[in-house]
Amino acid sequence: MLKAVILIGGPQKGTRFRPLSLDIPKPLFPVAGLPIIQHHIEACLSVNDLKEILIVGFYPVTQLQQFVNDMQLQYNITIKYLQEFTALGTAGGLFHFRDQIRSGSPDAFFVMNGDVCADFPLNELYKFHKERSTVSLVTIMSTEATRQQSLNFGCLVLDKKSNEVTHYVEKPSSYVSTLINCGVYVFSLKIFNVIGEAFNAKQEEYYKNNGNGSKDAGYIQLERDILTPLAGTGKLFALPINNWWSQLKTASSAIYANRHYLELYRSKHPEKLAGGKQAEQCKIIPDVHIDASAQIHPTAVIGPNVSIGPGVIIEAGVRIRESIILDAAVIEERSLILHSIIGRNSKVGKWARVEGTPCDPDPNKPFAKMENPRLFNDDGRLNPSITILGCSVSVPSETILLNSIVLPNKELSKSIKNEIIL
Ligand code: GDD
């Protein structure tokens with residue numbers, strides 16, 4: 001039997017995802033029509049023997065319970081949300097809930113960062129781990145990045161013959177390796193002995209310092225406190241993969257993830273792509289996901305790479321490309337939406353143009369990943385990025401919104417360019 005843990009952090013994390021995470025916890029933001037971590041759950045369902053999924057974070061239970069209930073109903077698998085009393089770090093939560101994870105004696109368990117998106121090769125990863133299970137405590141899913149971008153990730157040096165990780169540095173200050181940690185792992189249960197030792201050492205240090213320190217005594221970082229010391233001991237392995245993988249840190253990366261998840265639907269879930277009846281209703285340029293409750297005018301042209309949420313109304317002559325339109329938004333006739341995210345209940349008036357600039361990985365650089373540029377450049381101006389309307393924003397007719405971010409509940413009165421409307 002196998003289990004999976006999805007680490008989702010809490011309200012203080014994911015700040016670069018604002019304003020999209022202002023009215024909904026970031027792990028529940030819909031990408032390609034599903035909350036981000038529902039893609040993780042669906043990946044877990046493809047593993048035959050996986051019986052339980054534990055979502056671990058420090059969001060209040062009230063914010064996750066409905067989602068967990070819905071998932072339980074939808075899928076025939078046990079799903080629970082376990083709330084940390086405070087941020088315990090990427091390994092502290094695993095240790096805190098160790099009895100829950102160990103119960104039923106699973107052969108191993110997956111750990112998945114909730115803020116990555118991928119074509120998760122979980123079966124392949126487990127097969128690799130099992131083949132080394134007599135010695136291995138952890139298998140890391142790994143991928144290649146550019147030399148420069150690797151510094152933003154956990155970097156690992158691999159013995160090419162055995163795939164053993166001989167050296168691991170979390171976000172190094174100078175180049176170590178272009179092989180990076182994807183934030184997806186398989187753990188053997190014996191890992192709790194190692195985390196337990198790190199926990200005891202932390203406790204001792206905490207009480208020696210009379211409890212001084214900003215973090216809780218149980219705060220343990222998987223990467224620095226566990227993986228770095230394990231490297232070179234013969235117990236840490238990595239499987240490099242070529243599948244699509246990306247972090248989901250910024251709103252721009254949601255558009256990028258949207259495109260790739262839609263593309264994956266083609267082979268894995270064609271039923272989630274607009275086609276058949278919907279294709280007869282308006283012009284669709286694949287790939288597009290349209291919720292069954294959305295109303296689209298027959299003269300609208302949608303796609304490629306567009307997701308349209310429940311209750312959305314798209315009027316005559318609207319053109320939408322490379323965008324996410326969230327629940328109950330209304331796009332009035334003849335408007336254009338390009339590289340943008342339109343928040344829940346927002347309204348875009350007639351003949352308006354809402355346009356952003358994509359921040360896709362550089363196609364000329366092999367292995368380039370999504371850049372997560374700062375919001376502002378050195379002159380204090382907004383870096384060009386996708387346009388985001390928070391929830392319940394109203395855009396008047398015949399206006400242009402370019403590379404801008406509008407916080408929730410704003411009623412705009414004029415065109416804006418490269419601005420944040422607070
Ligand atoms: N439950 C819980 N508690 N989850 C947490 C906590 C915590 O205290 N802190 C972070 N997380 C979750 C985040 O929500 C995210 O899903 C994941 O753990 C990792 O978060 P970060 O700490 O922000 O790390 P990172 O994303 O910058 O880097 C990690 O992921 C990279 C791949 O995306 C590292 O594992 C890197 O080595 C790795 O390359």
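The values are calculated or read from the model by the stated rules, or taken from the named source; none is laboratory data. Keep in mind that this is a model prediction, so the values were computed, not measured. Heads up, the Cβs are rebuilt from the backbone with ideal geometry, glycines too, and the neighbour counts pull from every protein chain shown. When the accessible area is computed, the model is the full protein with side chains, heavy atoms only, and any ligands, DNA or RNA have been set aside. Shrake-Rupley method; radii C 1.70, N 1.55, O 1.52, S 1.80 Å.
A few notes on this one:
- Looking across Tyr126, Tyr81, one residue alone is away from the ligand (no atom under 15 Å from the Cβ), open to solvent by 20 Å² or more (accessible area, probe 1.4 Å) and either in contact with a strand residue (DSSP E or B) (Cβ under 6 Å, 6 or more places away or on another chain) or of a type in the set (Lys, Arg) (or both). It is Tyr126.
- Yes/no for Gln65 being within 11 Å of the ligand (Cβ to nearest atom), under 30 Å from Lys410 (Cα atoms) and open to solvent by 10 Å² or more (accessible area, probe 1.4 Å): no
One line per residue, one yes/no per condition, for (1) of a type outside the set (Val, Ile, Thr); (2) modelled with pLDDT of 95 or more:
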residue: Glu333; (1), (2): yes, yes
residue: Ser346; (1), (2): yes, yes
residue: Gly349; (1), (2): yes, yes
residue: Val354; (1), (2): no, yes
residue: Pro366; (1), (2): yes, no
residue: Ser392; (1), (2): yes, yes
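- When Glu144 is tested against (1) of a type in the set (Asp, Glu); (2) closer than 21 Å to Trp245 by Cβ; (3) without any contact (Cβ under 8 Å) to a residue 60 or more places away in the chain, only condition (3) is not met.
- Looking across segment 1-22, the residues that are within 19 Å of Gln74 (Cβ to Cβ) and within 10 Å of the ligand (Cβ to nearest atom) come down to Ile6, Ile8.
- For segment 158-179, the condition holds for at least one residue, the condition being that it is within 23 Å of the chain's Cα centre (by Cα), part of a loop (DSSP other than H, G, I, E, B), free of Cβ contacts under 8 Å to residues at least 60 places away in the same chain and within 15 Å of the ligand (Cβ to nearest atom).
- Scanning segment 100-123 turns up one or more residues that are open to solvent by 10 Å² or more (accessible area, probe 1.4 Å), under 30 Å from Ala217 (Cα atoms) and basic (Lys, Arg).
- Taken together, the residues in segment 335-362 that are assigned to a loop (DSSP other than H, G, I, E, B), buried (at least 19 other Cβ atoms within 10 Å of the Cβ) and basic (Lys, Arg) amount to 1.
- The set of residues from segment 25-63 being in a helix (DSSP H, G or I), among the hydrophobic types (A, V, I, L, M, F, W, C) and closer than 18 Å to Lys3 by Cβ comprises Ile37, Ile41, Ala43, Cys44, Leu45.
- Flag if Leu137 is crowded, with 22+ Cβ neighbours inside 10 Å, more than 16 Å from the ligand (Cβ to nearest atom) and either in contact (Cβ under 8 Å) with a residue 12 or more places away in the chain or under 27 Å from the mean Cα position of the chain (by Cα) (or both): yes
- The set of residues in segment 85-99 being assigned to a loop (DSSP other than H, G, I, E, B) and either among the polar types (S, T, N, Q) or open to solvent by 10 Å² or more (accessible area, probe 1.4 Å) (or both) consists of Phe85, Thr86, Ala87, Phe97.
Residue-by-condition table, conditions (1) open to solvent by less than 30 Å² (accessible area, probe 1.4 Å); (2) touching a residue at least 24 places away in the same chain (Cβ under 8 Å); (3) within 23 Å of Ile36 (Cα to Cα):
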| site | (1), (2), (3) |
| --- | --- |
| Ser252 | yes, yes, yes |
| Leu262 | yes, yes, yes |
| Cys282 | yes, yes, no |
| Ile296 | yes, no, no |
| Thr299 | no, no, no |
| Val318 | yes, no, no |
| Leu326 | yes, yes, yes |
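- Filtered residues of segment 207-224 (kept if within 16 Å of the ligand (Cβ to nearest atom), farther than 17 Å from Val5 by Cβ and either of a type in the set (Gly, Ala, Ser) or not in a loop (DSSP other than H, G, I, E, B) (or both)): Gly213, Ser214, Ala217, Arg224
- Filtered residues of segment 145-157 (kept if open to solvent by 50 Å² or more (accessible area, probe 1.4 Å) and either touching an Asp or Glu at 6+ places or on another chain (Cβ under 9 Å) or within 10 Å of the ligand (Cβ to nearest atom) (or both)): Asn152
- Criterion (within 18 Å of Gly343 (Cβ to Cβ) and either open to solvent by 40 Å² or more (accessible area, probe 1.4 Å) or more than 13 Å from the ligand (Cβ to nearest atom) (or both)) met by exactly one of Pro25, Pro35, Pro60: Pro35
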